[in-house]
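The values are calculated or read from the model by the stated rules, or taken from the named source; none is laboratory data. Just so we're clear, the structure is a prediction, and the values are computed from it rather than from any experiment. Every residue, glycine as well, gets a Cβ built from its backbone with ideal geometry; the counts of neighbours run over all protein chains shown. Heavy atoms of the whole protein, side chains included, go into the accessibility calculation; ligands, DNA and RNA do not. Shrake-Rupley method; radii C 1.70, N 1.55, O 1.52, S 1.80 Å.
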Amino acid sequence: MRIGELAALVGVSTRTVRHYHHLGLLPEPARRANGYREYGIRDAAALARVRRLTELGLCLEEVRDILADDAGRELRDVLVELDADLARQEEAIRARRVRLGALLRQADEHGGLPDEGPVSEQLAELFAEMARTSATLPGPEPAMAAKEREGLALLETITSPGELAPVMATLRETFAGPGAMERAYEVYALLDGLADAAPDDPRVPEVARALADCLPRRLVAEGATAVESAMEREWQRGVTDDGG
């Protein structure tokens, strides 16, 4: 039979047969006097076996190893390895579906997903509250609010859950009280106004105080202590340098 008849019998294309010849998966029969290849039942059986092996998920290189006379592995060993690989793929697919399910729930519960998504459920809730607050305020959303979300989404991506946990705890504490998100948006607007301001702009202290008022007292106190410690270290370094 001709190559087209062989391909039709086994259920592949003639291009596939030629490709298998090129890779050495299927021996190429001798050509007849008219220049055409002549295939027999043995060729059809060999081609059918290649098809069955590829349908199991084996790559062509693995199929070639199995078919080779000096194959280093038995067919069973290859199939065991293939089964383990498929099990790993199944586990990865299950994990992805769990993540997709969580995102779909976010979309249903919050009326859509944030532009910065996909993000965790915690950030999705925060971003949804920001969107609700912004919708109640006149004018466009402050650019600083969008930058805040972008920064948090980036932080969640590049840090481990353990490192992110304190940040999320602080955020929950910051926005826990009544009117906290509205005050934060007032500060976002003030920060937008300082986008091109000089460091000595008289508005800077005012905005700094407004920002500090939005933060948990604990965080402000810790920040002040850190600043004082840094100033003390710089003073001591200056004294030592002068004394030297």
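Out of all the residues in the range 1-29, which are under 19 Å from residue 67 (Cβ atoms) and touching a Ser or Thr at 6+ places or on another chain (Cβ under 6 Å)?
7, the sole residue that qualifies.
Considering only the range 17-66, how many residues are under 19 Å from residue 5 (Cβ atoms), of a type in the set (A, V, I, L, M, F, W, C), open to solvent by less than 90 Å² (accessible area, probe 1.4 Å) and part of a helix (DSSP H, G or I)?
Within the range 17-66, residues that are under 19 Å from residue 5 (Cβ atoms), of a type in the set (A, V, I, L, M, F, W, C), open to solvent by less than 90 Å² (accessible area, probe 1.4 Å) and part of a helix (DSSP H, G or I) number 7.
Please pick out the residue among 89, 106 that is within 30 Å of residue 123 (Cα to Cα), under 18 Å from the mean Cα position of the chain (by Cα) and surrounded by 16 or more Cβ atoms within 10 Å (Cβ to Cβ). Outline the logic, then answer.
Details: 89 fails: surrounded by 16 or more Cβ atoms within 10 Å (Cβ to Cβ).
Every option except 106 fails the conditions.
So residue 153 ticks every box in (1) under 20 Å from the mean Cα position of the chain (by Cα); (2) closer than 25 Å to residue 217 by Cβ; (3) at pLDDT 90 or above but one. Which box is left unticked?
Answer for residue 153: the failing condition is (2).
Results for (1) over 16 Å from residue 63 (Cα atoms); (2) in contact (Cβ under 8 Å) with a residue 12 or more places away in the chain, shown as yes or no for each residue.
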{"position": "16", "(1), (2)": "no, no"}
{"position": "24", "(1), (2)": "no, yes"}
{"position": "36", "(1), (2)": "yes, yes"}
{"position": "41", "(1), (2)": "yes, no"}
{"position": "45", "(1), (2)": "no, no"}
{"position": "51", "(1), (2)": "no, yes"}
